[in-house]
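Peer 1: Structure in structure tokens, see below.
The values are calculated or read from the model by the stated rules, or taken from the named source; none is laboratory data. From a predicted model like this one, the values you see are computed outputs, not experimental measurements. FYI the Cβ positions are ideal-geometry reconstructions off the backbone, even for glycines, and counts take in every protein chain you see. Protein only, heavy atoms only, side chains kept; ligands, DNA and RNA dropped before computing areas. Shrake-Rupley method; radii C 1.70, N 1.55, O 1.52, S 1.80 Å.
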Amino acid sequence: MNGRSRTSRTRKASAAAAVLALLLGGCSGDGDTDGAARGGRITLRFQSLAWQDESVRANKELVDEWNAAHPDIRVEYVQGSWGSVHDQLLTSFEGDEAPDIIHDASDDLADFAYGGYLADLGPLLPERLKRDIPRRSWDTATFGGGVYGVPFLQEPRVLIANKKLLEGSGVRIPTPEAPWTWPEFRRISAELTERMGPGKYAVAWPLKDPVSATLNLGLSAGGRLFHRDADGKVTIRFTEGDAVVPGTIHDQVNTDGSASGATLGMGGSDTLPGLFGGKYAMVPLGFSYRQQIIQQAPEGFEWTVLPAPAGGADGLAQGVSPQTLSIAEDSPYKKEAARFVDFLLRPPNMVRLAHGDWMLPTGTEALKDPSLRVARDGWATGAALARELRPAPAQSVRGYPEWKDKVATPALQEYYSGAIGRAELEKRLVEDGNRVLARYQR
């Protein structure tokens, strides 16, 4: 169903509701521009994808605080799941049962936005919130000129390293001000592996989902892969910049022996026992994995957070798909929902949400909070990377989920394992990929 037919249906439903309200309430009312029944209480359904205990607690506390201060606009907390959110939302949209406020990620919004399921937040959000979040973050949730989500939490990829092992090796320790380059990272990994001894590796790449890691880290080397023409059409081109990150990973595994091939099919959590046990010196992981490390690391294990390698002119640039808050187009209470979103994302509250998820806030005021700039647990390293974060390369590309699942994931998995070479990788990403995208751009 297209956006126009959904909008028409919504308007008809709203008109019917208005007529019913007049019939039930008589003609004595003066109207309610916010859509609330006179003398009644509005209930907004907020579907959250928070899953870590700290994050769930922070979200529920904020909902309780809102409800205590707004007895006429009650927010009901609904627990969702990252693993099933796309299909669950699609079903709820089609069945007219979508929550009013929707927690998701920006790379999942394009089809919902273009399909007319999400409200354009431009006219609804206060200027305070619009100014507080940088333009580059807003770009992650902007589709066709409309803004369909508020990006509020973001997660760079970093290197989580065994501190004692790294410092004892004598290699140069990178900082955000002086990071390793990709060639330097490869060279140091080879040297470190040789010093560690048989059966041990400098790096463990957990690449069960290889696409987002490859594309987002590729920005640092000038990789873009997706190119939008003047007419808005997107095509895939594989440049030298696009080859740097996958080439480094491939060579570490298949040429240098400095990265373990056994971890390529793992998720991030699967590599942590090997990191704790000294089998791996470094693991490229999302920033939020720090919480798991604190919870699971054995006593005495010392770890540190290092910036991911940098490219040339693009430096530490890295793609991210921030967590977002959206409002359903079919919600009859969009203004009230926007008020709740504004409350949830006031700077002190955004800091609480960031701590709960062990991620970085997008808001410039929240990022200034001293608690997010301490050296402990790598917060300062993450905060230093925040200004380098950019929209993920495929952020607004229609057809990306199909390209990712059917083309890019198997191609990259085979390339990283050594089953195919660079020429075949490029052929499959570009030729097969452009065939997929073409179907979505007719």
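Peer 1: So if we plug the beta-carbon distance of Lys233 and Thr175 into 1/(1 + (r/R0)^6) with R0 = 41 Å, what FRET efficiency do we get, rounded to 0.05?
Peer 2: It comes out at approximately 0.50.
Peer 1: Per Stokes-Einstein, at 25 °C and 0.890 mPa s, what whole-number D in µm² s⁻¹ belongs to the range 212-255, with the Kirkwood radius over Cα pairs as the hydrodynamic radius?
Peer 2: 220 µm²/s
Peer 1: Work out from phi, with θ = phi - 60° and the Karplus expression 6.51 cos²θ - 1.76 cosθ + 1.60, the ³J(HN,Hα) of each residue of the range 271-288, listed in order in whole Hz, and give x for Gly and Pro.
Peer 2: With the stated coefficients, the range 271-288 comes to 8, 5, x, x, 5, 5, x, x, 6, 10, 8, 9, 9, x, 9, x, 4, 6 Hz.
Peer 1: Percent relative contact order of the range 335-442, based on C-alpha pairs within less than 8 angstrom and at least six residues apart?
Peer 2: Computed value for the range 335-442: 16 percent relative contact order.
Peer 1: So what is the relative contact order of the chain, in percent, for Cα pairs below 8 Å that sit 6 or more residues apart?
Peer 2: 24 percent
Peer 1: Continuing with this model, one more query. Work through the residues other than Thr271 whose Cβ is under 12 Å from its Cβ and net out their charges, Lys, Arg +1 and Asp, Glu -1.
Peer 2: Neighbourhood net charge equals +1.
Peer 1: Given 0.36 nm per residue, what is the gain on full extension from Arg387 to Val374 after removing their alpha carbon distance, in nm?
Peer 2: Extra length available between Arg387 and Val374 comes to 3.0 nm.
Peer 1: Mean projection of the alpha-carbon convex hull of the range 273-424 over all orientations, in nm²?
Peer 2: 13.2 nm²
Peer 1: To continue, here is another question. Once the cut-off is 16 Å, how many percent of the Cα-Cα pairs in the range 140-253 end up in the long-distance tail?
Peer 2: Tail of P(r) above 16 Å: 70 percent of Cα pairs.
Peer 1: OK, next. If I build a Gaussian network model for the chain, linking alpha-carbon pairs within less than 10 angstrom, which residue out of Gly223, Gly261, Gly274 has the largest mean-square fluctuation?
Peer 2: Judging by the Gaussian network model, the answer is Gly274.
Peer 1: For helix 53-69, what angle does its Cα long axis make with the longest principal axis of the chain, in degrees from 0 to 90 and rounded to 10?
Peer 2: 20 degrees
Peer 1: Among residues other than Val56 whose Cβ falls under 14 Å from its Cβ, what is the net charge (Lys/Arg +1, Asp/Glu -1)?
Peer 2: Residues near Val56 contribute -2 overall.
Peer 1: Cα-based Rg of the range 286-355 per 2.2 N^0.38 Å, rounded to two decimals?
Peer 2: The range 286-355 yields a ratio of 1.68.
Peer 1: Among Arg224, Arg352, Arg172, which one shows the biggest mean-square fluctuation in a GNM of the chain, springs joining Cα atoms closer than 10 Å?
Peer 2: Arg172
Peer 1: Where does the longest stretch of the chain lie that holds no GluC sites (Glu not before Pro) found in a DSSP loop with 11 or fewer other Cβ atoms within 10 Å?
Peer 2: With GluC sites (Glu not before Pro) excluded where exposed in loops, the chain gives 300-442 as its longest stretch.
Peer 1: Related question: Taking the Cα atoms of the range 186-304 alone, what are Rg (to one decimal) and Dmax (as a whole number) in Å?
Peer 2: Rg and Dmax of the range 186-304, Cα atoms, are 16.5, 58 Å.
Peer 1: Restrict the search to the range 36-140; then list the trypsin sites (Lys or Arg not before Pro) that DSSP places in a loop and that have at most 16 other Cβ atoms within 10 Å of their Cβ.
Peer 2: Those that pass, being in a loop and sparsely packed, are Arg38, Arg41.
Peer 1: Another question, if that's okay. Determine the distance separating the Cα centre of the range 389-437 from the Cα centre of the range 327-346; give it in Å without decimals.
Peer 2: 36 Å
Peer 1: Then there's this: From a point 7 Å beyond the Cα of Thr255 in the direction of its Cβ, which residues of the range 171-190 have a backbone N at a distance under 16 Å?
Peer 2: 182-190
Peer 1: Determine how large the accessible area of His86 is when every protein chain is in place; take a 1.4 Å probe and give Å² rounded to the nearest 10.
Peer 2: 60 Å²
Peer 1: Compute the semi-axes of the equivalent ellipsoid of the range 361-442, taking the square root of 5 times each eigenvalue of the Cα gyration tensor, and list them largest first in whole Å.
Peer 2: Value: 37, 18, 8 Å, ordered largest first.
Peer 1: Something else now. With only alpha-carbon atoms in the gyration tensor, what are the semi-axes of the equivalent ellipsoid for the range 242-339, in Å, largest first?
Peer 2: 35, 22, 14
Peer 1: Another one. Of all DSSP beta bridges in the chain, what percent run antiparallel (nearest 5)?
Peer 2: Bridges in the chain that DSSP calls antiparallel: roughly 60 percent.
Peer 1: Which far-off residues, 5 or more places away or on another chain, put their amide H under 5 Å from the one on Phe143, with H placed in the peptide plane?
Peer 2: Sorted by chain and number, the residues that satisfy this are Tyr148.
Peer 1: While we're on this one: Can you give the helix-only mean residue ellipticity at 222 nm for the chain, where every DSSP H stretch with n ≥ 4 adds -39500 (n - 2.57) and the sum goes over all residues, rounded to the nearest 500 deg cm²/dmol?
Peer 2: Result for the chain, helices only: -11500 deg cm²/dmol.
Peer 1: Work out, step by step, the length gained on full extension between Asp139 and His86: first 0.36 nm times the residue separation, then minus their alpha carbon distance; give nm to one decimal.
Peer 2: That pair, Asp139 and His86, stretches by 17.0 nm at full extension.
Peer 1: On average, how much area does the Cα convex hull of the range 96-168 cover when viewed from any direction, in nm²?
Peer 2: Projected over every direction and averaged, the Cα hull of the range 96-168 covers 7.6 nm².
Peer 1: From Cα pairs below 8 angstrom and at least 6 apart in sequence, can you work out the relative contact order of the range 242-387, rounded to a whole percent?
Peer 2: It comes to 18 percent, rounded to a whole number.
Peer 1: Quick check: the angle from helix 85-94's long axis to the longest principal axis of the chain, C-alpha only, nearest 10 degrees?
Peer 2: 20 degrees
Peer 1: How far is helix 182-196 tilted, in degrees, relative to the longest principal axis of the Cα atoms in the chain, given as a value from 0 to 90 rounded to the nearest 10?
Peer 2: 60 degrees
Peer 1: Shifting gears a bit: Of all the C-alpha pairs in the range 403-442, what % are more than 13 Å from each other?
Peer 2: Tail fraction, whole percent: 48.
Peer 1: How much of the accessible area of the chain, probe 1.4 Å, is carbon plus sulfur, in whole percent?
Peer 2: Of all accessible area on the chain, carbon and sulfur atoms account for 51 percent.
Peer 1: If we count every other residue with Cβ under 11 angstrom of Ser220's Cβ, Lys/Arg +1 and Asp/Glu -1, where does the sum land?
Peer 2: Summing Lys/Arg as +1 and Asp/Glu as -1 gives 0.
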